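As structure tokens, the structure follows; a few thoughts come after it.
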Amino acid sequence: MRGKFIVFEGIDGSGKSSVSAKIEERLKSSGRRVLRTREPGGTPIGEKVRAVLLDPANAEMVPWTELFLYMASRAQLVDQVIRPALKEGVDVLCDRYYYSTAAYQGAAGKVGIPVVLKLAEEVAKFQRPDLVLLFDVPPQVARQRAGDRRDRVESKGEAYQERVRRGFLKMAKADRRFTVLDASRPADEVFEAARKAVDRVL
């Protein structure tokens, strides 16, 4: 039986990474085989691309460059890690996926959400997830949680993050695979909502 592919999305500081780690622990304790990975990265090649993308020294990088670098890292991850694991019956939990590219470079970077989705789904034919958990939180709250941590993307400011947030919510309205979680709630409540959504898919 093929494994389930679950994606965790949201702006930086939304809490998605913490919840994905707890979901991984819970699924493993129940006897399921689980692989947790992240974007950009997840492979040796992808981690090198990640370093370039997040380096604050690369402030002049334009959205189209970002788009193709993210797609390159993702292509490596999908073929090298995600598809083989799913085929072997392993559940894959991915921290970010092509919806992040659609929100950040598509919506906030003005490349266009439809352009990114077409590249991902029709041209590259990336593996489609069984569930997308969107951790929705206002940028002000996310910034308070993140503290002083700032990579190249996080340093673009709250107005940029708000455009990203709106991009995520727009996709969620159009795609039944999305479950939107109010991530401004207490952490235990957010985890419980995520757990219920994952259990329904499993």
query = Exactly one of (1) within 17 Å of Tyr97 (Cα to Cα); (2) crowded, with 21+ Cβ neighbours inside 10 Å; (3) of a type outside the set (Gly, Ala, Ser) is unmet by Asp79. Its number?
reply = (2)
ask   = Residues in region 146-167: is at least one open to solvent by less than 60 Å² (accessible area, probe 1.4 Å) and touching a Ser or Thr at 6+ places or on another chain (Cβ under 7 Å)?
value = no
remark   = Restricting region 1-28 to residues that are open to solvent by 10 Å² or more (accessible area, probe 1.4 Å) and of a type in the set (Asp, Glu), the one farthest from Leu93 (Cα to Cα) turns out to be Asp12
query = What are the residues in region 188-202 that are open to solvent by 70 Å² or more (accessible area, probe 1.4 Å) and under 15 Å from Phe8 (Cα atoms), if any?
reply = Lys196
query = Within region 31-58, how many residues are open to solvent by 80 Å² or more (accessible area, probe 1.4 Å) and out of contact with any strand residue (DSSP E or B) (no Cβ under 8 Å at 6 or more places or on another chain)?
reply = 4
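Being part of a helix (DSSP H, G or I), touching a residue at least 40 places away in the same chain (Cβ under 8 Å) and touching a Pro at 6+ places or on another chain (Cβ under 9 Å) is the requirement here; does Leu27 meet it?
Details: part of a helix (DSSP H, G or I): yes; touching a residue at least 40 places away in the same chain (Cβ under 8 Å): yes; touching a Pro at 6+ places or on another chain (Cβ under 9 Å): no.
Against the criterion (part of a helix (DSSP H, G or I), touching a residue at least 40 places away in the same chain (Cβ under 8 Å) and touching a Pro at 6+ places or on another chain (Cβ under 9 Å)), Leu27 does not qualify.
The values are calculated or read from the model by the stated rules, or taken from the named source; none is laboratory data. Bear in mind that the values here come from a model prediction, so they are computed numbers and not experimental data. Backbone-built Cβ (ideal geometry, glycine too); neighbour counts: all protein chains shown. Calculation scope for accessible area: heavy atoms of the full protein, side chains included, ligands and nucleic acids excluded. Shrake-Rupley method; radii C 1.70, N 1.55, O 1.52, S 1.80 Å.
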